[in-house]
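Below: the structure, in structure tokens.
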Amino acid sequence: MTPFGACALSVRFGLVRALTEVTVEVPVGAVVSVVGGDGAGKTTLLRALVRELRPDAGTVRAPGKRDIGFLPASAGSWSALTVAQNFDFAAGAYGLSGPALATRRDELLARAGLTEAAHRLASQLSGGMRRKLGFCMAIAHRPALLVLDEPSTGVDPVSRIDLWRLISEAAAGGAAVIMSTTYLDEAERAGQLLALDAGRVLARGSYDQVRSDFPGTVTNAARATRPEWSWRRGRARREYWPDGAPPAGLAVVDPDLEDIVIALSLRRRAEAVAHGAER
């Protein structure tokens, strides 16, 4: 089966390039994590996949809206409704009713640990519980493509674990899942990841592939030799050497995903500055 996703996707908002020729594949049964800082283009990409916006160029491969589940970065539920009412409203919009609706509601609320909260208003839930409710609403109709915009941002550690379990179960059940996240440990768990910076692709592939394809060297020291190529990690400074040849005496480290994303962002921005100077 051809994976869902996007090919050479470009999106502009006025003079701002939100995405530039971004390509991503979301295979059935897999989880793809999209990572990047604020303004990287994560939400724009997800909105394009669910057809909330029309790209300026490129193509989107996605099922019809009735086969898409979407959890936005907002709460994803209505505060004035109870947990059960929220779920029933969302599921009813996709045609679930009667015993089938009740069975699906009981199943998902139990898996999310929300059974005891079924008759509480959504406004009375903790942040983590409310995000789990939004997730249940997004998968109520068993969508073929599940799109999640930072599902675990700002929730407690226990709810993060619960959400990741629910996401993994959805993929194991046959859904193609793409999610944006600010937590790089979550991205490392995904089968595939896509790193964005200013709307452009920095890296893609499995975590192991991204690490093996990473060019250059990262060092660790109390002070940076070139501050513009460095960033703080704990009490020390990491420093990126794109040509892979740091001065003798510096401690070379095995970069993790955080190091890789920051280093590649610094390189992309340096290249953009150099390109602008050439013009």
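Rule-based calculations on the coordinates, nothing more; no lab input. Quick caveat: nothing in here was measured; it's all calculated off a predicted structure. Cβ: placed from backbone, ideal geometry, glycine included. Neighbour counts: every protein chain shown.
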Contour minus Cα-Cα span, Ala251 to Trp78, at 0.36 nm per residue, comes to 57.1 nm
Taking N as the number of residues in region 137-257, the ratio of its alpha carbon radius of gyration to 2.2 N^0.38 Å works out to 1.32
So, relative contact order of the chain in percent, Cα under 8 Å, 6 or more apart, is 22
Dimensionless Rg/Rh of the chain, both radii on Cα and Rh by Kirkwood, sits at 1.03
Non-local residues with an amide H under 5 Å from the amide H of Val253, with H modelled 1.01 Å from N and Pro and chain starts lacking one, are Val218, Thr219, Asn220
With Cα coordinates, the longest principal axis of the chain makes an angle with the long axis of helix 127-138, in degrees rounded to 10, of 70
Quick calc, region 176-239, dipole around Cα centre from Cβ unit charges on Lys, Arg (+) and Asp, Glu (-), nearest 20 debye, gives 380
Computed on Cα atoms, the radius of gyration and Dmax of region 117-177 in angstrom are 11.7, 33
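Do you know the relative contact order of region 1-78, to the nearest whole percent, from alpha carbon pairs under 8 angstrom that are 6+ apart? Display every interim value, and only then the final one.
Values: 104 pairs, mean separation 27.8, N = 78.
Contact order relative to length: 36 percent.
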Rounded to the nearest 10 degrees, the helix 157-172 long axis (Cα) sits at an angle to the longest Cα principal axis of the chain of 80
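Within the chain, what percent of beta bridges assigned by DSSP are antiparallel, to the nearest 5?
Numbers: 29 of 46 bridges.
If I count the DSSP bridges inside the chain, around 65 percent turn out antiparallel.
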Per the charge dipole of the chain (beta-carbon charges, Lys/Arg positive, Asp/Glu negative, Cα centre), the residue among Gly92, Ala270, Val16 reaching farthest to the positive end is Val16
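When DSSP beta bridges are limited to those with both residues in region 130-205, what percentage is antiparallel, rounded to the nearest 5? Present the calculation step by step, with values, prior to reporting the outcome.
Values: 5 of 10 bridges.
Looking only at bridges with both residues in region 130-205, the antiparallel portion is about 50 percent.
Let me know the charge dipole size of region 81-216 about its Cα centre in debye, to the nearest 20, where only the beta-carbon of Lys, Arg (+1) and Asp, Glu (-1) is charged.
Details: 14 positive and 15 negative charges, 52 e Å.
That gives a dipole near 260 debye.
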